[in-house]
Amino acid sequence: MEKIYDVTALGELLIDFTENGTSAQGNPLLEANPGGAPCNVLAMLEKLGKKTAFIGKVGKDMFGEQLKRAVEEVGIDTRNLVIDEEVHTTLAFVHTYPDGDRDFSFYRNPGADMMLRTEELQEQILKDTRIFHFGTLSMTDEPVRSATRHAIETAKANGALLSFDPNIREPLWQSMEEAKRQTAYGMEVCDVLKISDNEIRWFTGEEDFDRGVDKLWREYHIP
């Protein structure tokens, strides 16, 4: 059966406040950039001519409106971008080090992206996608964790390939043991894994990347 979407992603959509110079008073100036790893993937796919859809939640506030506009401008389908009347859009403040590494401070206790509920999923989108992409930021808390798992099961049952990006952000987890449990679930179900060097070390306990990858391969049989 012909699918409507090449890739559908579910997850966080937030504002990244990034440093952009200093004011006349010497204070850091912060620029409000649209952010969230799942939508970054979709934005690049749209540039490559693919048809994409996003599932997530933002607050009914100025930042939520900015994000909805930004996502629609690049051509991503937003029919399942839910607006939360009560909880504000998630914010992240990003400090960039001279070597390019980044440090994140999150304002998400709760944030709208955590509040997506299973009954808010438009299942037809999940049935109509060739690939479903997800990360762990939608698995830190309920109700979005249950919504994510339901989306994964629905997409898989309808023949979609599952793509997983652990994208671990330590401050957002109650414990790193919980982060490992949720990451292991992602590994168990995914067909495609996009993992960083520090995540390989953290998850496998192997300093050598080849050994770490080999361990993941043997344990989870990720295609």
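Quick rundown of the values:
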| item | result |
| --- | --- |
| Any hit, segment 30-48, residues being open to solvent by 50 Å² or more (accessible area, probe 1.4 Å), charged (D, E, K, R) and in a strand (DSSP E or B) | yes |
| Contacts under 7 angstrom Cβ, first residue in segment 200-223 being modelled with pLDDT of 95 or more, partner hydroxyl-bearing (S, T, Y), 6 or more apart | F203/T183; G212/T204; K215/T204; L216/T204 |
| Subset tally (residues that are open to solvent by 50 Å² or more (accessible area, probe 1.4 Å) and more than 16 Å from the chain's Cα centre (by Cα)) for segment 66-99 | 15 |
| Residue pairs meeting the criteria (Cβ under 7 Å; at least 6 apart or on separate chains; first farther than 27 Å from R145 by Cα, in segment 12-39; second assigned to a strand (DSSP E or B) and acidic (D, E)) | T18/E31; N20/E31; P28/E19; L30/E19 |
| Which numbered condition Y107 misses (of (1) surrounded by fewer than 18 Cβ atoms within 10 Å (Cβ to Cβ); (2) touching a residue at least 24 places away in the same chain (Cβ under 8 Å); (3) closer than 14 Å to G36 by Cα) | (2) |
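For every residue, the table says whether it meets (1) in contact with a strand residue (DSSP E or B) (Cβ under 9 Å, 6 or more places away or on another chain); (2) within 22 Å of G159 (Cα to Cα).
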position: E2; (1), (2): no, yes
position: Y5; (1), (2): yes, yes
position: N20; (1), (2): yes, no
position: Q25; (1), (2): no, no
position: E31; (1), (2): yes, no
position: K51; (1), (2): yes, yes
position: I55; (1), (2): yes, yes
position: G59; (1), (2): yes, no
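The values are calculated or read from the model by the stated rules, or taken from the named source; none is laboratory data. If you're wondering where the values come from, they're calculated on a predicted model, not measured in any experiment. Ideal geometry is used to build each Cβ from the backbone, glycine not excepted, and the neighbour counts take in all protein chains shown. Each accessible area value is taken on the protein alone, full model and side chains, heavy atoms only, with ligands, DNA and RNA left out. Shrake-Rupley method; radii C 1.70, N 1.55, O 1.52, S 1.80 Å.
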